[in-house]
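Below is the structure I would like to discuss, written out as structure tokens.
Every number in this text was worked out from the coordinates using simple rules, so none of it is lab data. Because the structure is predicted, anything quoted here is derived from the model rather than measured. Positions of Cβ are generated from backbone atoms using ideal geometry, with glycine treated the same way; all protein chains shown enter the neighbour counts.
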Amino acid sequence: MTQNRTSYKICLVTVTLSDGGAERCAANLSHFFVNQGFDVHHLVFAGKIEYDYSGEVMHLAKYSSSTSGFVNRIQRFLHLKKYLKDHNFDFVIDFRDKHFFWQEFIIHNYLYKNHIQTIHSNKLDSYIPKSKFLANLLYKNSKQLIAVSKGIEEKIKTEYNFKNIHQIYNPIDFKKIKEIKSENIDFEGDFIVAAGSMNKNIKQFDHLIECYSKSNLPDKNIKLIILGDGKLKQDWINLTDRIGQKENIIFKGNVENPFTYYSKALFTVLTSKYEGLPMVLIESLACETPIVAYNCETGPSEIINHLQNGLLVENQNKEAMIATMNTLCEDKNLYLHCKSNCKTSISKFEVENIGNQWLSLFKQLKNER
């Protein structure tokens, strides 16, 4: 454990504590911060709590009532205001995306103190208004914006005039993954795996299903297992039925321990429209499982060293994705080479390394007060 002489009181703000890379990042950081002796609180706005975390939780959903939507929001707002005032956090780290400007403006500038905002997506308008005037208005009192990839950091610098930008990767806990990755799963045979939320089509599972069905993998009896849930799930199930792949493509939904699937898969596939820093790739490599991924604008190229721990595919090129899946399946020497490099290739994401960068940031911000 890193020695740290200052004990901070930290609030980690998420929509849920499940079903997302930003949420898993918050959960992983909470373990590190608690090990430093910090007083850690999770402020959860809605949804499930499924990830393993450390610290205390305040779930705003428990203050919901059967009253009208407006009255309900006012009640939750007042509870949030009291909670933040009573605790007087040293730092409030917000992992949420931002879709309601005036709501977030009030929270940022009238409730938060010592606010740090993390940016987890290349789609910047999920976090920052397109208008530079509104962007500056929203984040005028924020202490720091944290980009989770170098690509996101450069994009923010190019499109906005923020000065308080810093880049810190999402962390991963190798020790925890090692403990749980060997648990049994209810599947026997060879398979590849993909994972992600199905509430929006950001992960483009339709691309994946189409590419898999046209690859050589079904003929080799290599199945495709998809982890995740959401409102589009039935659409993807219907698609597999229409193209005659119902027996080969298996939907497992949200699973408690995805690492068991990553560790037993031949490789992991990512066909996203856009990303920030896709945790599924880092987690797969931590399980010593190679990657095939679209080289979308930010994220994959900072994780995958082409032909060393996986293969990058020309962005959104389905034919190239099909060929690359076939290559990693059929070229055994390349496959074993990539597999041998997986874990060592991502040491920079280890939670101790990332946690120490956060400690340095806290110290810097504290000194600037």
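What shape does region 251-369 have by the C-alpha gyration tensor, where a ≥ b ≥ c are the square roots of the eigenvalues, rounded means a/c under 1.5, and otherwise prolate means a/b greater than b/c and oblate the rest?
prolate
Let me ask you something else. Cα to Cα, under 20 Å, and not fewer than 8 places away if on the same chain: which aspartates and glutamates meet these conditions relative to K85?
Candidates past the 8-residue exclusion: D39, E56, D94, E104.
Given a cut-off of 24 Å, what percent of all Cα-Cα pairs of region 185-331 lie beyond it?
21 percent
Separation between the L307 and D241 pseudo-spin-labels, each 7 Å from Cα along Cα→Cβ, expressed in nm?
Each label point is offset 7 Å from its Cα along the Cβ direction, giving 4.4 nm.
Still on this model: Past 29 Å, Cα to Cα, is the threshold; run K214/K252; K140/K203; K157/K203; K178/K200; K9/K233 against it and keep the listed order.
K140/K203; K178/K200; K9/K233
Which percent of Cα pairs goes in each bin when the distances of region 69-213 are cut into 5 angstrom slices starting at zero?
2, 7, 13, 15, 14, 14, 12, 9, 7, 4, 2, 0
Modelled label-to-label distance, S126 and Y110, 7 Å Cα→beta-carbon offset: nm?
So the label points at S126 and Y110 sit 2.8 nm apart.
Report the chymotrypsin sites (Phe, Trp or Tyr not before Pro) located in region 1-62 that are in a DSSP loop and have at most 15 other Cβ atoms inside 10 Å of their Cβ, or state none.
F45
At most 13 other Cβ atoms within 10 Å and a DSSP loop assignment: could you name the GluC sites (Glu not before Pro) in region 202-292 that fit?
Those satisfying the criteria are E247, E256.
Here is a further query. All other residues with a Cβ under 12 Å from the Cβ of I303 taken together, and with Lys, Arg as +1 and Asp, Glu as -1, what is their net charge?
Net charge around I303: -1.
Restrict the search to region 129-223; then list the trypsin sites (Lys or Arg not before Pro) that DSSP places in a loop and that have at most 13 other Cβ atoms within 10 Å of their Cβ.
Within region 129-223, the qualifying trypsin sites (Lys or Arg not before Pro) (loop, at most 13 other Cβ atoms within 10 Å) are K130, K140, K163, K200.
Using 7 Å Cα-to-Cβ label points, what is the E330/E159 separation (nm, one decimal)?
4.0 nm
Same structure, new question: Pairs of alpha-carbon atoms within less than 8 angstrom and 6+ residues apart define the contacts here; what relative contact order does the chain have, in percent?
Relative contact order, the chain: 14 percent.
Using Cα-Cα distances under 8 Å and only pairs 6 or more residues apart, what relative contact order does region 1-131 have, in percent?
25 percent
Taking just the alpha-carbon atoms of the chain, what radius of gyration and Dmax come out, in angstrom?
When restricted to Cα atoms, the chain yields Rg and Dmax of 21.1, 63 Å.
Before anything else, pin down the relative contact order of region 174-347: Cα pairs under 8 Å, at least 6 apart, normalised by residue count, whole percent.
In percent, rounded to a whole number, it is 23.
Here's a follow-up. What pairs in K81/K155; K81/K150; K155/K318 have C-alpha atoms more than 29 Å from each other?
K81/K155; K81/K150
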